[in-house]
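Read through the structure below, which is laid out as structure tokens, and then see the notes.
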Amino acid sequence: MENRYGLYLSREGLTLRFPVNPESYQISRDNDNSEYNVLGVGPIMIPRTPKLQVVAWSGLLPGRPDMGAVLTAGAFKQPQFYIDFLQKAMEERAVLRFVANRFLEDGAPIFDTNMEVLVTPFQTEERGGETGDFYYDLGLTEYRDYSARTVILRQPAADKPAEASSETTRPVPAGQFTVGQDVIVNGKYFYSSWGAEPHGTFSGFRGKISRIITTDPARAYPYHITTPSGGARGWVKKNQIQAVTA
């Protein structure tokens, strides 16, 4: 049976799948809580924002497509392709998207990981007797957008006093979705609105609509879904979405 469990990195429209799944990989996230001793109370802990997630594993970049563990035999790339991609991402401080598509042995999907990351450590090793193969250690650290947001305040004309006005909120027609709306989503989601891989599967996922493409009917998956906090997940069809009513 085809091994559908895959690890992917994407950048600027290019998506690569690692050719051999590692034996194991780790996703870790520590908290930043602080512990203090308070007179008359004793030890207390103050909760703080969790630290960034870190994904790390060691793996193989095979020099030939004919070994049984290669998952990309139909589109095989030499190790130099992956090495150049990762080294360039480090040098250019590029933000990548990491996706782990998880499936059971019988092909049933389970939950996915989908987040923006930076390549932090990356190193390769060649071993005697295995010419053409490269072993590597890779670390990916979660990226959070820290760019400043600009707010433009419009001042009234000097000869006119400031006025406040209100408008009655227009109801959204039944069956119509809007950007920012809370929704429940089921079914497959994709990396692009065209249906590009990698993909994952929503099952009763509660999130938000972050973008709707209405100008191009060729887009099969025109609704982009994020987590409630704004983390990107993927693109879906309208019939996969249900509005949250409470």
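Looking only at residues that are out of contact with any His (no Cβ under 8 Å at 6 or more places or on another chain) and modelled with pLDDT of 90 or more in segment 207-219, which one is surrounded by the fewest Cβ atoms within 10 Å (Cβ to Cβ)? Going through the qualifying residues, I end up with 208.
Considering only segment 93-128, state which residues are of a type in the set (D, E, K, R), part of a loop (DSSP other than H, G, I, E, B) and within 30 Å of residue 228 (Cα to Cα). Within segment 93-128, 93, 102, 112 meet the criteria. Among the residues of segment 187-200, is there at least one that is of a type in the set (A, V, I, L, M, F, W, C), surrounded by 15 or more Cβ atoms within 10 Å (Cβ to Cβ) and in contact with a Lys or Arg (Cβ under 9 Å, 6 or more places away or on another chain)? No, segment 187-200 has no match at all. I'd like the full set of residues that are of a type in the set (D, E, K, R) and either farther than 20 Å from residue 100 by Cβ or in the same structural domain as residue 96 (by TED's automatic domain parsing) (or both), limited to segment 203-246. 206, 208, 211, 216, 219, 237, 238 - these are the residues of segment 203-246 that are of a type in the set (D, E, K, R) and either farther than 20 Å from residue 100 by Cβ or in the same structural domain as residue 96 (by TED's automatic domain parsing) (or both). Scanning segment 87-122 for residues that are over 16 Å from residue 54 (Cα atoms) and out of contact with any Lys or Arg (no Cβ under 8 Å at 6 or more places or on another chain) yields a count of 10.
The values are calculated or read from the model by the stated rules, or taken from the named source; none is laboratory data. Here the structure is a predicted model, which means the values were calculated and not measured. FYI the Cβ positions are ideal-geometry reconstructions off the backbone, even for glycines, and counts take in every protein chain you see.
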